[in-house]
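Each reported figure results from applying straightforward, stated rules to the coordinates on display, with no laboratory input. The model shown is predicted, which means the values in this text are computed figures rather than measured ones. Quick reminder, even Gly has a Cβ in these numbers, built from the backbone with ideal geometry, and neighbours come from all protein chains shown.
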């Protein structure tokens, strides 16, 4: 049996940096566009993000504390997801800056707010992939003891998908060609996707 480090999260990890979000990694980035009830645009990246259903396609992100994105989506029922790529990494990083609700992060990050087709919230014009989403539900997380946590999970049904044509090779989406970036945990860790890492493995029959 291999030697292992064990800790109970409730008692602290005892390490220089909490390893939890580095252990569940790399994680795709939820780069979420939203609009307040007053019409102010918001764009923010969330590292707790993923896809949860095929038909209908449903994605979700988790917000530690009730941030502007959650408030906006709850008010309007709409949002967009935008693929964070290597070329857009710096812009994505700028959009996570802590600023007042009246600040438009599209403008702050030097990005173009492209009108969507099915929702009123714009998407990032510069990204090669984006989703238009309708809110399906918002859940507040609880501990195992049933105590409410100040963390909110937003789920949305994807009602529109935009894919840059050059990423479709014989009709198949080329994940690596889009150069997505993913959170690797730690204070500043990221990964990018490289074609050399690709392999195939079919499910057993």
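Details
- Förster radius 41 Å - calculated FRET efficiency between residue 112 and residue 8 (Cβ-Cβ, nearest 0.05): 0.30
- The stretch between residue 191 and residue 64 holds 43.5 nm of extra length on full extension. This uses 0.36 nm per residue minus the Cα-Cα distance.
- Förster radius 25 Å - calculated FRET efficiency between residue 75 and residue 102, Cβ distance, rounded to 0.05: 0.95
- When peptides 54-60, 11-17 are sorted by average Cβ neighbour count within 10 Å, with the highest value leading, the order is 54-60, 11-17.
- Shape of the stretch 140-198, Cα gyration tensor, a/c cut at 1.5: oblate
- Residue 136-residue 90 FRET efficiency (beta carbon distance; Förster radius 41 Å; 0.05 resolution): 0.80
- Alpha-carbon centroids, the stretch 66-141 and the stretch 183-205: separation in whole Å: 24 Å
- Gain upon complete extension [residue 147, residue 168; 0.36 nm per residue less C-alpha separation]: 3.0 nm
- Of the peptides 146-158, 33-45, the order by per-residue mean of other Cβ atoms within 10 Å, starting with the highest, comes out as 33-45, 146-158.
- CD proxy at 222 nm, helix term only [per DSSP H run n ≥ 4: -39500 (n - 2.57); per residue of the chain; nearest 500]: -2500 deg cm²/dmol
- Global geometry of the stretch 45-93, whether rounded, prolate or oblate, following the gyration tensor of its Cα atoms and the 1.5 cut on a/c: oblate
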